[in-house]
Structures are given as structure tokens and as C-alpha cells.
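The structure appears right after this line, and notes come after that.
Just so you know, all these numbers are worked out from the coordinates, no wet-lab data involved. Here the structure is a predicted model, which is why all the values come from computation and not from measurement. Cβ atoms come from the backbone with ideal geometry, glycine included; neighbour counts cover every protein chain shown.
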Amino acid sequence: MRPLIIAIDGYSSCGKSTLARQLASALQYRYIDSGAMYRAITYELLRRKVDLHDRDAIQQVLNNIHLDFQYDPAKQRSVMLLNGEDVELAIRSWEVSEAVSQVAALPEVREFAVAQQRRMGEQRAIVMDGRDIGTVVFPDAEVKIFMTADPHIRAQRRWKELQATHPEISLAEVEKNLLERDRIDTQRTVSPLRKAADAFVIDNSHLTEAQQLQLALDYVRQIQHNQPIRKTTIS
Ligand code: DC
């Protein structure tokens with residue numbers, strides 16, 4: 001059976017990466033966290049104190065960035081490498097979270113990231129999550145899943161996660177940041193977040209991880225068994 005490309009899109013803090021990772025593991029596919037790439041670019045721009053309005057300076061930084069994912073056997077997951085440096089932890093910081101939507105809306109940043117994401121999909125057998133995977137990066141992906149959940153429930157989940165590293169941040173601040181990211185992600189001119197017409201929607205507000213995985217796996221199996229021949233942009 002031909003390996004699939006599985007695109008998972010949806011709002012911030014919807015559990016996309018949890019589902020994508022578990023789906024990849026169940027199918028023995030490679031998991032690619034496209035948001036981590038935008039986060040790594042943002043981290044590098046902040047670290048270099050680049051003015052986020054200075055498009056030339058941003059392009060300069062992009063010209064010198066090499067992004068890669070590497071499997072870390074100790075962590076039993078792949079980590080984001082920025083010019084060979086493991087930045088997995090640093091890119092999850094609050095500072096990066098606050099700036100990343102602004103950076104991800106820049107056309108040159110998207111062009112850079114999308115080209116790399118398409119290259120990573122050349123071997124197929126991947127699960128990639130993000131905001132524009134099923135609409136722009138792989139519009140012909142065989143499986144497209146769009147995830148959503150109640151914003152208040154999403155904020156609570158994210159706030160709980162942040163307790164370990166940023167106990168000073170309130171639930172209200174987390175919810176505000178999340179809604180602002182949703183607003184920027186859905187309203188930007190280039191590749192806004194939207195549901196692909198042929199995406200399977202999962203609202204996980206009241207689902208357990210096991211239940212959402214089961215739903216997704218059932219959907220994938222259904223596609224695998226009735227797989228129509230579809231052209232893909234990368235083969
Ligand atoms: O999934 P995440 O929260 O780690 O994504 C970080 C940011 O990157 C988010 O604000 C939206 C942006 N993003 C994007 O624009 N396109 C993608 N394919 C993935 C993420």
C-alpha cells in the first residue's frame with residue numbers, strides 16, 4: 001500500500017501535536033511539527049534582536065538558517081535542530097509564543113518553511129501538523145484532519161502545561177495569547193488557517209487522547225481501504 005501524507009491542521013493548543021505524534025507512531029510514519037520550524041525561526045530572530053519589521057534583516061537571517069529534525073533516543077522523540085543546535089526547549093518559551101504568529105505571517109518566512117516542509121514530504125509516510133498543511137503545503141494529501149476545541153478548554157490545557165515553566169502567567173493571559181494567535185493565524189493574508197474542504201473535523205473539547213486517536217485511525221484506515229488514485233503535488 002502506498003504510504004500516505006497525513007496533514008493535521010487546526011487552532012493553537014488543540015492537541016494537534018499529541019494526535020500527530022501518536023498517529024505517526026501507530027502507523028510507523030515520520031512526525032513533522034511544522035510549528036516548531038516557525039518557532040525556531042522566531043527564536044533565532046529574537047536571539048539576534050532583529051527588528052521584526054526589517055524585511056532585509058529577516059531575509060539575511062533566513063539565508064543562514066538550517067532547520068532539521070533529529071530523533072533523540074533518550075527523549076524517544078524528534079527534536080528541532082537550528083543550525084545543528086537542539087532548540088526544542090527554547091522554542092517553547094513564552095517569549096517565542098508571543099512573537100511567533102507575527103513572524104509566521106511574513107511571506108518570506110512562509111516561503112522558506114514551506115519549501116523545506118515539501119522536501120521533508122518527498123518520502124511520504126509522514127504526519128505533519130500545522131495551520132496550512134492540508135491547504136497549501138500538501139493540498140493533495142490523502143488524509144486531512146482539522147482539529148478544533150472550545151477556546152476556554154484549550155486555554156486551560158495550555159495553562160496547566162505552562163505551570164512547570166511559567167507559574168506567574170495567569171489563565172486569563174494564556175487565553176488572551178491563544179485568541180490573539182488564532183486571530184492572526186486566521187486573518188493573515190498569506191496562507192491563513194482555514195479548514196480544507198475535504199478535511200475530517202475532530203472537535204476534541206470532550207474527547208480523551210485515546211478517543212481522538214481512535215477516531216483518526218478509523219478515518220485513516222477508511223481512506224487506506226477506499227483509496228482513490230489522487231494526484232499529488234510532490235510525486
Ligand atoms: O503549532 P504551534 O503553536 O507550535 O505553531 C506556532 C505558530 O506558528 C502559530 O502561531 C502559527 C504558526 N504556524 C503557521 O503559521 N503555519 C504552520 N504550518 C504551523 C504553525
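Brief remarks on what is shown
- J(HN,Hα) series, segment 161-177, from Karplus relation 6.51 cos²θ - 1.76 cosθ + 1.60, nearest Hz, glycine and proline x: 4, 6, 3, 5, 9, 9, x, 7, 7, 7, 4, 4, 5, 4, 5, 5, 4
- Extension gain (nm, one decimal) between Arg77 and His152, 0.36 nm per residue minus Cα-Cα: 24.1 nm
- Positive minus negative residues near Val96 (Lys, Arg vs Asp, Glu; Cβ under 13 Å): 0
- Cα-centre dipole for segment 177-221 with unit charges at Cβ (Lys and Arg positive, Asp and Glu negative), debye to 20: 200
- Here the gap between Glu85 and Asn64, fully extended at 0.36 nm per residue and compared with their Cα-Cα distance, gives a gain of 6.2 nm.
- Nearest-20 debye value, the chain charge dipole, Cβ charges on Lys, Arg, Asp, Glu: 580
- Using only side-chain charges placed at the Cβ, +1 for Lys and Arg and -1 for Asp and Glu, the dipole size of segment 1-100 relative to its Cα centre rounds to 400 debye.
- Ranking of Val201, Val127 by neighbouring Cβ atoms within 10 Å, starting from the fewest: Val201, Val127.
- Stretching the chain fully between Ser205 and Ala172 yields a gain of 10.0 nm (0.36 nm per residue, less the alpha carbon separation).
- Unit charges at the beta carbon, dipole of the chain: most positive-side option, Ser25, Ile223, Ala113: Ile223
- Hydrodynamic radius of segment 161-220 per Kirkwood, over alpha carbon pairs, in Å: 14.5
- In summary, the chain shows an alpha-carbon radius of gyration equal to 0.99 times the 2.2 N^0.38 Å reference for compact globular proteins.
- Listed by Cβ neighbour count within 10 Å, with the fewest neighbours leading, Thr135, Thr18, Thr208 appear as Thr208, Thr18, Thr135.
- Interchain or long-range residues, amide H under 5 Å from Ile8's placed H: Met128, Asp129, Gly130, Ile145
- Histogrammed with a bin width of 10 Å, the alpha carbon distances of segment 119-235 distribute as 12, 34, 34, 17, 4, 0 percent, first bin at zero.
- Two-site label geometry, Leu217 and Glu95: point separation in nm, points 7 Å out along Cα→Cβ: 4.1
- Rounded FRET efficiency, nearest 0.05, which uses the C-beta distance separating Arg48 from Thr165 and R0 of 25 Å: 0.65
- Scattering profile of segment 1-97 at q = 0.20, 0.22, 0.24 Å⁻¹ [log10 I(q)/I(0), Debye over alpha-carbon scatterers]: -1.07, -1.20, -1.31
- Sequence of Phe138, Phe112, Phe69 once ranked by neighbouring C-beta atoms within 10 Å, starting from the fewest: Phe69, Phe112, Phe138
- ³J(HN,Hα), Karplus 6.51/-1.76/1.60, whole Hz, each residue of segment 25-42, x for Gly, Pro: 5, 5, 9, 6, 9, 8, 9, 10, 8, 5, x, 4, 5, 5, 5, 5, 4, 4
- For the chain, calculated [θ]222 nm from helices alone, where every DSSP H run of n ≥ 4 adds -39500 (n - 2.57): -14500 deg cm²/dmol
- Amide H within-cut-off set for Val79, under 5 Å, with H built and near neighbours excluded: Gln70, Tyr71, Asp72
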